[in-house]
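A.B. asks: Pasting in a structure now, in structure tokens, and then I'll have a few things to ask.
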Amino acid sequence: MDYSLPRGTQDILPDEVDYWNFVEKTAKKIFDLYNFNEIRTPIFESSQLFNRVISESDIVKKEMYTFTDIGNRDLALRPEGTAPVARAFITNNLNRSPQHSKLFYQGPMFRYERPQAGRYRQFHQIGVESIGSDHPFSDAEVITMSYRLFSSLGLKNIKIYINSVGSDTCRPVIEARIKQFLASNLSQLSENLQEKFKHNPLKMLDSKDETLQTYLSGLPDMREALSQQSKDHFNFVISYLDHLNIPFEYKPTLVRGLDYYTETVFEVVSEDLGAQNSICGGGRYNNLIKNLGGSHTPAVGFAFGIERLIMLLKKQNISLPNQPILVYIAALGKEYQMECIHIAEDLRNLGLRVTIDYNKIDFNSHIKLSQKMEASYMIIFGEDEFDNKTLSIKDLHKRKQESIPASNLIPYFESLTGLTYV
Ligand code: AMP
């Protein structure tokens, strides 16, 4: 029997979880500032939901983890978060809420991809969806929020690329222009690209194929193919970002992976990440909710991958916020352990992290362990302390030790930490 870790997944061990908490907490804090509220949807949904929103030509469709349950239902582990949130919006009549719905989610996503650095089969995303407003302010707001989030995490060399793929009416015009432009070179392109040319020429724009890229280099500005309304929308988003000094770059070849995007699309990339350089992607999707059976509800959102973000934090040597101090309590003999439990509980009431090792009773093994655990203080309680009603407190960073009256424990740590006993 093979109990090894499934390919493309990973265990997230306690040291690593500190990074996850940092990212998740910072994201929640930023989303809260913009009044976005959390939504939690199931990890599996009906396969049809994703089949409906992800087009046949999309690779994500081939990568889905689908299964039939005992009741013969076709289900899929969610490959992305937007379709489930849109489904939840419809299921729960969130269109009746007083303001448009500003939601965020986080959790695992599943895609049967070829694993490599920064690419997993189970990965985690945090995403936001601003549902019910077609105002360009909403596009700009989510882009601004993503920028604020990545800056708050301390990231450097971050760039926002932005483009517009226009509305339903612009799309055929844009596609026709791409086709017209590439028609004479079509026979030089791979079969796969010729397929794209036929079914989804827009997707050719962000292809990594070098021959295609050289053909595309002279492509006229696609903004010209947008309707006046789409142009106005896009220009408004841009002027808002300018107004707030958000660094962005217009990237005419930017199109998003999934087909449901309309109007603004954007991507946050880091030049430090190598091949998988995209940290966050998003855009407007005005037709998705209607396609899923809801009423016409314009929306805009983004999602980012936590694993890739953490890779970047490490690469940029961004240190985590200081951990709360850890106090290690050392009983020098089994007969002193009960008293140590009291001391520990008292310090926990003060809000301190406290640990005791019940298997060690001599000073040397306590000191070794406390240092390995990177504790800040060690409280020593043995025969002398018991007889004199004192406690010995060792500052493990400064390597200084002092003796205090046992009754002074709480005021001593209150003045050290600024915490208050509750
Ligand atoms: P997407 O949903 O494909 O637009 O991806 C949004 C973000 O999720 C990307 O920018 C990545 O950070 C992350 N991501 C997508 N696929 C994977 C994967 N297989 N493994 C790790 N992160 C991923």
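A.B. asks: Under 20 Å between alpha carbons: how many lysine pairs meet that in the stretch 327-422, if sequence neighbours fewer than 8 apart on the same chain are excluded?
C.D. replies: The number of close lysine pairs in the stretch 327-422 is 12.
A.B. asks: Have a look at Ser278, Ser164, Ser187 and tell me which one the Gaussian network model of the chain (Cα, springs below 10 Å) gives the largest fluctuation.
C.D. replies: Ser187
A.B. asks: Got a sec to turn the phi values of the stretch 386-403 into Karplus ³J(HN,Hα) couplings, 6.51 cos²θ - 1.76 cosθ + 1.60 with θ = phi - 60°, whole Hz, x for Gly and Pro?
C.D. replies: 4, 5, 9, 6, 10, 9, 9, 10, 10, 7, 6, 7, 7, 6, 10, 10, 9, 10
A.B. asks: Still on this structure: So which of Lys29/Lys102; Lys208/Lys314; Lys198/Lys231; Lys203/Lys231 end up more than 18 Å apart, counting from Cα to Cα?
C.D. replies: As for pairs spanning more than 18 Å Cα to Cα, those are Lys208/Lys314; Lys198/Lys231; Lys203/Lys231.
A.B. asks: Ignoring everything but the protein chains, give the 1.4 Å probe accessible area of Arg111 in square angstrom, nearest 10.
C.D. replies: Counting only protein heavy atoms, Arg111 exposes about 40 Å² to solvent.
A.B. asks: Something else: Taking only protein heavy atoms and a 1.4 Å probe, what accessible area per residue, in Å², does the chain have with all protein chains in place? Present the calculation step by step, with values, prior to reporting the outcome.
C.D. replies: Details: 21830 Å² over 422 residues.
For the chain, the per-residue accessible area is 52 Å².
A.B. asks: Keeping every protein chain in place, order Lys368, Lys394 by accessible area at 1.4 Å, biggest value first, i.e. largest first.
C.D. replies: My answer, sorted largest first, is Lys368, Lys394.
A.B. asks: Let me know the charge dipole size of the chain about its Cα centre in debye, to the nearest 20, where only the beta-carbon of Lys, Arg (+1) and Asp, Glu (-1) is charged.
C.D. replies: The calculation lands at about 840 debye.
A.B. asks: Right, next: Looking at Tyr261, Ile246, Ser230, which one has the Cα that reaches farthest to the positive end of the dipole of the stretch 209-278 (charges on Cβ: Lys, Arg +1; Asp, Glu -1)?
C.D. replies: Going by the Cα projections, it comes out as Ser230.
A.B. asks: Moving to a separate point now. Given a 1.4 Å probe and heavy atoms of the protein chains only, how would you sort Thr417, Thr390, largest accessible area at the top?
C.D. replies: Largest accessible area first, the list is Thr417, Thr390.
A.B. asks: Using a 7 Å offset from the Cα along the Cα-to-Cβ direction at both Ile12 and Lys315, what is the distance between the two label points in nm, to one decimal?
C.D. replies: Those two pseudo-labels are separated by 2.0 nm.
A.B. asks: Now a separate question. Could you calculate the contour length gain from Glu113 to Ile341, that is, 0.36 nm times the residue separation minus the distance between their Cα atoms, to one decimal place in nm?
C.D. replies: Fully extending the segment from Glu113 to Ile341 adds 77.1 nm.
A.B. asks: Then there is this: For the chain, with all protein chains present and a 1.4 Å probe, just round the carbon and sulfur fraction of the accessible area to a whole percent.
C.D. replies: Working: 10750 of 21830 Å².
With neighbouring chains kept in place, the figure for the chain is 49 percent.
A.B. asks: Could you tell me whether the stretch 326-417 comes out rounded, prolate or oblate from its Cα gyration tensor? Rule is a ≥ b ≥ c as square roots of the eigenvalues, rounded for a/c under 1.5, then prolate if a/b exceeds b/c, otherwise oblate.
C.D. replies: Note, shape of the stretch 326-417 comes out rounded.
A.B. asks: Next question. Mind giving me the nanometre distance, one decimal, between the label points for Gln122 and Gln323, set 7 Å out from Cα along Cα→Cβ?
C.D. replies: Inter-label distance under the simple model: 2.5 nm.
A.B. asks: If the chain between Tyr358 and Ile90 were fully stretched, how many nm would it gain, using 0.36 nm times the residue separation less the Cα-Cα distance?
C.D. replies: Residue separation times 0.36 nm, minus the Cα-Cα distance, leaves 91.0 nm.
A.B. asks: Something else now. Would you list Ile410, Ile12 from the most to the least accessible area, probe 1.4 Å?
C.D. replies: Output order, biggest surface exposure first: Ile12, Ile410.
A.B. asks: Another question about this same structure. What order do you get for 208-217, 324-333, 341-350 when each peptide is scored by the mean count of other beta carbon atoms within 10 Å, highest first?
C.D. replies: Values: 208-217: 13.4, 324-333: 20.2, 341-350: 15.4.
Taking the mean over residues of other Cβ atoms within 10 Å, the ranking is 324-333, 341-350, 208-217.
A.B. asks: Now, a different point. Which of the DSSP-defined H helices in the chain satisfy a minimum axial length of 20 Å, computed from C-alpha atoms, and a minimum mean Kyte-Doolittle hydropathy of 0.0?
C.D. replies: 136-152
The values are calculated or read from the model by the stated rules, or taken from the named source; none is laboratory data. No experiment lies behind these values; they were computed from the predicted model shown. Because the Cβ atoms are built from the backbone with ideal geometry, glycine has one as well, and the counts that use them run over all protein chains shown. To get the accessible areas, we keep the full protein, side chains included, count just its heavy atoms, and leave off ligands, DNA and RNA. Shrake-Rupley method; radii C 1.70, N 1.55, O 1.52, S 1.80 Å.
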